[in-house]
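Shown next, in structure tokens, is the structure this report addresses.
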Amino acid sequence: MKRHPPQVPGDRIADPWGARTAYGPSKPWPVRVDSCLADGVAETDVETWVQAASLLHSDGDAMDIAVLDGRIVGVRGRAGDRVNRGRLEPKDLYAWQANPAVSLPELARTRTILDQKDLFLVVQDLFLTETAQFADVVLPAATWGEKTGTFTNADRTVHLCEKAVDPPGQARPDLDVFLDYAARMGFQDKDGAPLVHWSSPEEAFEAWKRCSAGRPCDYTGLTYAKLRGPTGIQWPCTDHAPDGTDRLYADGVDWAHPDRCETYGKDLVSGEPLGEDWYRSVNPDGKALIRPAPYMQPKGWPEEEYPFQLTTGRTIYHFHTRTKTGRVPELVEAAPEVWVEVAESDAARLGLAEGDLVDVTTRCGALCGRLRKGTVRPGVLFVPFHYGYWDTPGGNAPAAGMPGRAANELIPTRWDPVSKQPLFKTAAAALTLVERAAAPATGPGAADSGPLSPRGRSRS
């Protein structure tokens, strides 16, 4: 794949963010239509451009898929997009499915659950992931560009993504699989009629619109025809706001009133519901509440046996558990293996050098990776969480006698009491030398398994 036009630099690995476009203070971001096409393919060669959008960004980048001879050969930004105005971002080509055998904490425990004899596990995915290898049944699924549907980004923007090419082999769109399952199970509503009475993506969208009517996320003013415009549209979209809503709460927050709200909040420490009486006493007028939470030291704080604070995060070259990015040679070359980042002062104190093979251990498990000196604070270890086992001899776990490489081998099963979100980001850890580096790390692909530059790593 190469970037186009020529003013957008070509090395998408060494410079993943591409060119910047200067513009003046208080001026709108200028249009710049980027495209990324397969080697040897020019825009004039493309047979069809199919409307789509990126699935990975909080706002969603409107784009078009290039199709040639029944294959996806690239993408092009859409000038009318209200956010990126034609630009493409580093991860504009990838979608996702869940892979809990790598993404959940305390993986040894997770694997025992997935491997239970009385559990019947069905996995619907694009590839034979670690989780799929535990499954009793694997349903091959279509991916981005192989199916039609809408999705909504974190900023409420609804995009329509059209099917560009047929899925390979026996892979089917998720909707087709769900409809087939519902029909085979004979699901019915309370009147004995089929529970699911729609059969196409657009019909499903119309059913969802009826569910959203009168809710804060009201979609009733949206249609496939309207979404086929130059950019996505933000809900609520109604007769009163036919073009969507740029800003919420411009007229206040009425749904927080005690007579309208559906829940009354929880104690931020225990997670216990606080109840209607409490809520009415502190918020009789239904204003937005800002509630402080007391600081609580995380469990598993560093101690003598485990003196480091471990944190996990991302590299720009991979997404989630690498089920897709791990199959792109350029991205694998840029970040082929897990690494352990440590402050230079800690490395010097422990007599460790760049590229040394080290063990990271916590009370949950262990991980082995090459050491990198980085910009983390003294006393902190950073490990990327993308790496699992689908491309190793173990398949879905460390092979017998082999060390782990998944960051979540190290993370305990704890969660926030209100949101129930796992506490992925912290554990007390120890760092020990396994083997000296054969030679100083000089670039990606050998001892240096991290990103090409500090810009390539994020702890988000």
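Overview of results
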item	result
Candidates Ala241, Ala225, filtered to the one that is in a loop (DSSP other than H, G, I, E, B), among the small types (Gly, Ala, Ser) and at pLDDT 95 or above	Ala241
Qualifying positions in the range 110-163 - among the charged types (D, E, K, R) and over 30 Å from Val73 (Cα atoms)	Arg111, Asp115, Lys117, Asp118, Asp136
Hits in the range 91-130 (condition: surrounded by 19 or more Cβ atoms within 10 Å (Cβ to Cβ), modelled with pLDDT of 90 or more, polar (S, T, N, Q) and in a loop (DSSP other than H, G, I, E, B))	Asn99, Thr129
Residue within the range 278-299 that is in contact with a helix residue (DSSP H, G or I) (Cβ under 6 Å, 6 or more places away or on another chain) and part of a loop (DSSP other than H, G, I, E, B) present	no
Residues satisfying the stated conditions in the range 143-183, i.e. part of a helix (DSSP H, G or I) and open to solvent by 30 Å² or more (accessible area, probe 1.4 Å)	Asp174, Leu175, Asp176, Phe178, Leu179, Asp180, Tyr181, Ala183
Residue identified as hydroxyl-bearing (Ser, Thr, Tyr), open to solvent by 20 Å² or more (accessible area, probe 1.4 Å) and at pLDDT below 95 among Thr220, Thr231	Thr231
Count of residues meeting criterion [within 32 Å of the chain's Cα centre (by Cα), within 30 Å of Gln51 (Cα to Cα) and of a type outside the set (Phe, Trp, Tyr)] in the range 231-283	15
Identity of the residue in the range 131-142, part of a helix (DSSP H, G or I) and open to solvent by 20 Å² or more (accessible area, probe 1.4 Å), that ends up nearest to Asp166 (Cα to Cα)	Gln133
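The values are calculated or read from the model by the stated rules, or taken from the named source; none is laboratory data. Fair warning: this is a prediction, and the values are worked out from it, not measured in the lab. Because the Cβ atoms are built from the backbone with ideal geometry, glycine has one as well, and the counts that use them run over all protein chains shown. Surface areas here come from the heavy atoms of the whole protein model, side chains and all, with no ligands, DNA or RNA. Shrake-Rupley method; radii C 1.70, N 1.55, O 1.52, S 1.80 Å.
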